[in-house]
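Asks: After the structure tokens below, expect a handful of questions from me.
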């Protein structure tokens, strides 16, 4: 067995509690985010009501979002943000508008119990670590959440499906992460809570797999199973 040098970590269910499987604002947090987006538009001199955002932005985006498994990529917000800016007469950057919507939800995210200590222990073993995560929004928003909880300090590289144009189970992001870390596939592990995406991507990339047990139990069998990231340092010790 090759010496272990790197870990590729999923985010939701591994590092952060996301609140919902999609990793996007829903319910009251969605409404609060829409209010913040509408206010940002009004502050920039535009005219919009919160209810207008559904037809101008969110409804057309959701139609593409529903096809993400077929297309193998995340739904893009940019075409609908251009439509929103044109309709409201503002020139705000799309990133500013999405950050306003994401803000209340992002503040609600919390670290998985034991995740910070586990990352510290793994880093002390000399392991290089990268995040490899399917996310429906630009990765910078999620990276800010990791930073808020001091989970980013031990992570050397970040790979987000929205930015990469490819989502797991494709191995594209994993290969990019391995290249960024300077590690070969046989010297890495991928750790994720979804067998259909994380474990399947690991298989496709030739990376050994660790499944953080969850309700998403279908898909390829992992090489190892753990209950949470807190158990990963002991597992790494046993297989190194």
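All of the numbers you see were taken from the coordinates with simple rules; none came from a lab. This is a predicted model, so every value here is computed, not measured. Because the Cβ atoms are built from the backbone with ideal geometry, glycine has one as well, and the counts that use them run over all protein chains shown.
Asks: Kirkwood hydrodynamic radius for region 121-226: how many Å is it when counted over pairs of different Cα atoms? Can you show the working numbers first?
Replies: Working: mean 1/r = 0.0713 Å⁻¹.
After inverting the mean inverse Cα-Cα distance, the result is 14.0 Å.
Asks: Cα gyration tensor of region 102-142, axes a ≥ b ≥ c as square roots of the eigenvalues: rounded (a/c below 1.5), prolate (a/b > b/c) or oblate?
Replies: Working: a/c = 3.60, a/b = 1.72, b/c = 2.09.
Taking the square roots of the gyration eigenvalues as a ≥ b ≥ c, region 102-142 is oblate.
Asks: Moving on. For the chain, find the longest principal axis of its Cα atoms and tell me its angle to the long axis of helix 27-43, 0 to 90°, nearest 10.
Replies: So the helix axis and the longest Cα principal axis differ by about 50 degrees.
Asks: Using Cα-Cα distances under 8 Å and only pairs 6 or more residues apart, what relative contact order does region 27-108 have, in percent?
Replies: Working: 76 pairs, mean separation 37.7, N = 82.
Dividing the mean separation by the residue count of region 27-108 yields 46 percent.
Asks: Using Cα centres only, tell me the gap between region 38-109 and region 130-160 in whole Å.
Replies: 21 Å
Asks: Continuing with the same structure: Quickly estimate the mean residue ellipticity at 222 nm for the chain, helices only: each DSSP H run with n ≥ 4 gives -39500 (n - 2.57), and the total goes over all residues, rounded to 500.
Replies: Details: 11 runs with 102 residues, N = 240.
Computed mean residue ellipticity for the chain: -12000 deg cm²/dmol.
Asks: Any idea what the relative contact order of the chain is, in percent, if you count C-alpha pairs under 8 Å spaced at least 6 apart? Numbers along the way, then the final one.
Replies: Numbers: 425 pairs, mean separation 61.2, N = 240.
The normalised contact order for the chain reaches 25 percent.
Asks: Also: With axes computed from alpha carbons, what is the tilt in degrees of helix 94-108 against the longest principal axis of the chain, rounded to the nearest 10 within 0 to 90?
Replies: Long axis of 94-108 versus the principal axis of the chain: about 60 degrees.
Asks: Ratio of region 73-145's C-alpha Rg to 2.2 N^0.38 Å, to two decimals?
Replies: Values: Rg = 16.9 Å, N = 73, 2.2 N^0.38 = 11.2 Å.
The reported ratio for this selection is 1.50.
Asks: Determine the relative contact order of region 82-206: mean sequence separation of Cα pairs under 8 Å and six or more apart, normalised by residue count, in whole percent.
Replies: Working: 128 pairs, mean separation 25.6, N = 125.
Relative contact order comes out at 20 percent.
Asks: Based on other C-beta atoms within 10 Å, arrange 149, 159 from fewest to most. Working shown, then result.
Replies: Values: 149 15, 159 22.
Arranged by neighbour count, lowest to highest, 149, 159 become 149, 159.
Asks: Nearest 5 is fine: what % of DSSP beta bridges in the chain come out antiparallel, could you say? Kindly include the intermediate steps, with their values, before the conclusion.
Replies: Details: 2 of 22 bridges.
Of all bridge pairs located within the chain, approximately 10 percent are antiparallel.
Asks: Still on this structure, please answer the following. Going by alpha carbons, how many degrees (0 to 90, nearest 10) lie between the helix axis of 172-181 and the longest principal axis of the chain?
Replies: 60 degrees
Asks: On to the next question. Please find the FRET efficiency linking residue 107 to residue 44, where r is the Cβ-Cβ separation and R0 is fixed at 35 Å, and quote it to the nearest 0.05. Intermediate results must be reported in sequence, preceding the final value.
Replies: Working: r = 22 Å, r/R0 = 0.64.
Result of the calculation: an efficiency of 0.95.
Asks: So what are the three principal axis dimensions of region 1-85 from its Cα atoms, in whole Å, longest to shortest?
Replies: 62, 26, 23
Asks: Mind listing the Cα extents of the chain along all three principal axes, in Å, largest one first?
Replies: 61, 34, 32
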